[in-house]
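Peer 1: Starting off with a structure, shown below.
The values are calculated or read from the model by the stated rules, or taken from the named source; none is laboratory data. Keep in mind it's a predicted model, so treat the numbers as computed, not measured. Please note: Cβ atoms are built from the backbone with ideal geometry, for glycine as well, and neighbour counts cover all protein chains shown. Side chains included, ligands, DNA and RNA excluded: accessible areas come from the protein's heavy atoms. Shrake-Rupley method; radii C 1.70, N 1.55, O 1.52, S 1.80 Å.
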Amino acid sequence: MHGQEAGLRDRLIDAGAELVAGGGSAAVSLREIARRAGVSHGAPRRYFPTHLELLSAIARRGFASLAARLGEAAAGSADDPRARLAALGRAYLDFAASNRGMYELMFRHDLLESGRLGLREVSLPLFRMVTALVADAGTPGGAAPEVVAGALWASLHGIAQLWGWGSLQLATGLADVESLLRSALDAHLGPASAT
C-alpha cells in the first residue's frame, strides 16, 4: 500500500476510533467515517469492503493501544512478578473503564468469530506476557502457568465488564476495583506473602 493510501486508511480508522469513543460501535457508519475523514462516502469501501472489516480494523487499533499500556505497566513496575501482574491488571481495568466503547468493540463476538480481527495476532502476545509473569510469580500447586494466566485474564475481563455495567459497585458497595484486583491475584496466585 502506497503512503498516501496508507495515510487515508489510517485516517478512516482514526475517524472510526473517535466515533467508537463517543458512542460505541453502534455509532460507527461508513458514511460518517467518510465525512469525518473528509472523503467521499464511497471511499471507505476501497479499504473496508464491509462494515465488519472496518470495525475489525478499529478493534485492532484498540488491541494495539491495550498492548502498549500493559507493556508499559508491566515494565514500569518493580522486579517482583506479582507487583508487575498487579500493575498490568490495573492497566487492563483502567483501559476498560476509560475506553468503554473501544473495549466493548474489541471483544464483540461477531468480530472475534469472523477471523477478520486476527485475534491470534493481537491477543496472543498479550496472553504470553501475562503467562510469563504468572510463571515468574509461581503458581499454587504447580498449576500450568497458561491455565492460571487464562483464569486470571478471565477474572480481569469479568471485573471490567461487571464494573462497567455497575453491577459490582451495587453488589459490593466498593468505590474502586483495587480490592477486587487484589482478590483476583490472591485467588489465582495464592495469598501475597508478607514481607
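Peer 1: Considering segment 136-157 alone, what residues qualify as being surrounded by 15 or more Cβ atoms within 10 Å (Cβ to Cβ), in contact (Cβ under 8 Å) with a residue 40 or more places away in the chain, in contact with a helix residue (DSSP H, G or I) (Cβ under 6 Å, 6 or more places away or on another chain) and part of a helix (DSSP H, G or I)?
Peer 2: Ala137, Val148, Leu152, Leu156
Residue-by-condition table, conditions (1) among the aliphatic types (A, V, I, L, M); (2) within 26 Å of Asp94 (Cα to Cα); (3) more than 18 Å from the chain's Cα centre (by Cα):
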{"position": "Glu32", "(1), (2), (3)": "no, no, yes"}
{"position": "Arg35", "(1), (2), (3)": "no, no, yes"}
{"position": "Tyr47", "(1), (2), (3)": "no, no, yes"}
{"position": "Ala57", "(1), (2), (3)": "yes, yes, no"}
{"position": "Phe63", "(1), (2), (3)": "no, yes, no"}
{"position": "Glu72", "(1), (2), (3)": "no, yes, no"}
{"position": "Ala78", "(1), (2), (3)": "yes, yes, yes"}
{"position": "Arg82", "(1), (2), (3)": "no, yes, yes"}
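Peer 1: All but one of (1) touching a Leu at 6+ places or on another chain (Cβ under 8 Å); (2) at pLDDT 85 or above; (3) more than 18 Å from Glu104 (Cβ to Cβ) hold for Leu30; which doesn't?
Peer 2: (2)
Peer 1: Next question, about the same structure. For segment 96-116, state whether one or more residues are modelled with pLDDT of 90 or more, open to solvent by 50 Å² or more (accessible area, probe 1.4 Å) and more than 18 Å from Ala160 (Cα to Cα).
Peer 2: no
Peer 1: May I ask you to list the residues in segment 10-35 that are in contact (Cβ under 8 Å) with a residue 60 or more places away in the chain, open to solvent by 50 Å² or more (accessible area, probe 1.4 Å) and not hydrophobic (A, V, I, L, M, F, W, C)?
Peer 2: If the condition is that a residue be in contact (Cβ under 8 Å) with a residue 60 or more places away in the chain, open to solvent by 50 Å² or more (accessible area, probe 1.4 Å) and not hydrophobic (A, V, I, L, M, F, W, C), then Gly22 is the only one that fits.
Peer 1: Here's something else I'd like to know. Out of all the residues in segment 36-70, which are open to solvent by 30 Å² or more (accessible area, probe 1.4 Å) and closer than 23 Å to Leu156 by Cβ?
Peer 2: Arg60, Arg61, Ala64, Ser65, Ala67, Ala68, Arg69, listed by residue number.
Peer 1: I need the full set of residues from segment 21-78 which are aromatic (Phe, Trp, Tyr) and either within 21 Å of Tyr103 (Cβ to Cβ) or assigned to a loop (DSSP other than H, G, I, E, B) (or both), in order please.
Peer 2: Correct list: Phe48, Phe63.
Peer 1: Scanning segment 171-195 for residues that are of a type outside the set (A, V, I, L, M) and assigned to a helix (DSSP H, G or I), which turns out most open to solvent (accessible area, probe 1.4 Å)?
Peer 2: Taking the candidates together, the pick is Arg182.
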